[in-house]
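A quick write-up on the structure given underneath.
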């Protein structure tokens, strides 16, 4: 092994001596060295990114992505993006103007897609948003000229209401198909903007099995202000004649006072119960606060 290393170093030394005579400029040598250097860095407190020779950008680790585009100088090289399990968001503008991007893998750990996250991804034809994603922000998929199919698996995902959240350009509305469950926010969004909607059928349901599941709309085993907010959003949507965005199981959990209506009264009970638990009342039950 030692002899091989010496031979290699000798060859490099000879090559370095010979290259000027061959007429290769130093800039060419620097470019060659740069190509051999792995392209990688950090993109969050506990996140790293790597771009390989095939154009695959892989994001690994846990937690949220930072704002900013650490791969901004390499966007033209990015052909596919693999976000590994553990990453919890897609930051605003994260992959904007990745003109050659045609494949994206999003894990169930991601809960939000930020403003203009995929803006201007001209080669992206289809994408699936997992049911873990609870919000898609403004212009997230605007100016995606080749986009023909987007599947949104969370029936209650909050989709920013403007037409250009999903659009083929800033001036051309989306001409592809939006796929989602019956009664979902994806369906409401599509119908609002006269976009083509393709039903995936009824949303999967997980019926509440315990009293504590009342009020727990997000299924995280904790009843808190987040659940109350979901109740209010659903109530407002139904009041406007739109789909609630809730599954059958969520509607059952939201109707805390069992009056067969999801409204502000249910949200108020959830907040009062949450405050009692937060104050240390370990024996509190949500039904204790139903009048």
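Table for the structure above
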| read-out | value |
| --- | --- |
| Test: residue in the range 135-144 that is surrounded by fewer than 21 Cβ atoms within 10 Å (Cβ to Cβ) and touching a helix residue (DSSP H, G or I) at 6+ places or on another chain (Cβ under 8 Å) | yes |
| The listed residue being over 14 Å from residue 190 (Cβ atoms) and over 10 Å from the mean Cα position of the chain (by Cα), out of 117, 146, 162, 140 | 146 |
| Residue that is surrounded by the fewest Cβ atoms within 10 Å (Cβ to Cβ), among those in the range 99-114 that are within 11 Å of the chain's Cα centre (by Cα) and not in a strand (DSSP E or B) | 108 |
| Residue in the range 253-261 that is under 29 Å from residue 117 (Cβ atoms) and either surrounded by fewer than 18 Cβ atoms within 10 Å (Cβ to Cβ) or in the same structural domain as residue 143 (by TED's automatic domain parsing) (or both) present | no |
| Filter result for residue 156 (touching a helix residue (DSSP H, G or I) at 6+ places or on another chain (Cβ under 9 Å) and touching a residue at least 40 places away in the same chain (Cβ under 8 Å)) | yes |
| Unmet requirement for residue 182, which otherwise passes all of (1) in contact with a strand residue (DSSP E or B) (Cβ under 6 Å, 6 or more places away or on another chain); (2) assigned to a helix (DSSP H, G or I); (3) more than 22 Å from residue 140 (Cα to Cα) | (2) |
| Residues of the range 237-247 satisfying the condition of being within 12 Å of residue 156 (Cβ to Cβ) and not in a loop (DSSP other than H, G, I, E, B) | 237 |
| Exclusive hit being modelled with pLDDT under 90 and closer than 22 Å to residue 137 by Cβ, set 249, 206, 284, 240 | 240 |
| Residue 95 being within 14 Å of the chain's Cα centre (by Cα) and over 17 Å from residue 50 (Cα atoms) | no |
| Number of the exception - residue 262 against (1) closer than 18 Å to residue 185 by Cα; (2) outside any helix (DSSP H, G or I); (3) under 24 Å from the mean Cα position of the chain (by Cα) | (3) |
| Residue identified as in the same structural domain as residue 157 (by TED's automatic domain parsing) and touching a residue at least 40 places away in the same chain (Cβ under 8 Å) among 116, 135, 100 | 100 |
| Members of the range 83-98 that are surrounded by fewer than 16 Cβ atoms within 10 Å (Cβ to Cβ) and at negative phi | 84, 85 |
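The values are calculated or read from the model by the stated rules, or taken from the named source; none is laboratory data. The shown structure was predicted, so the numbers you read here are calculated from the model rather than taken from an experiment. Neighbour counts are summed over all protein chains in view; Cβ atoms, including those assigned to glycine, are modelled from backbone coordinates with ideal geometry.
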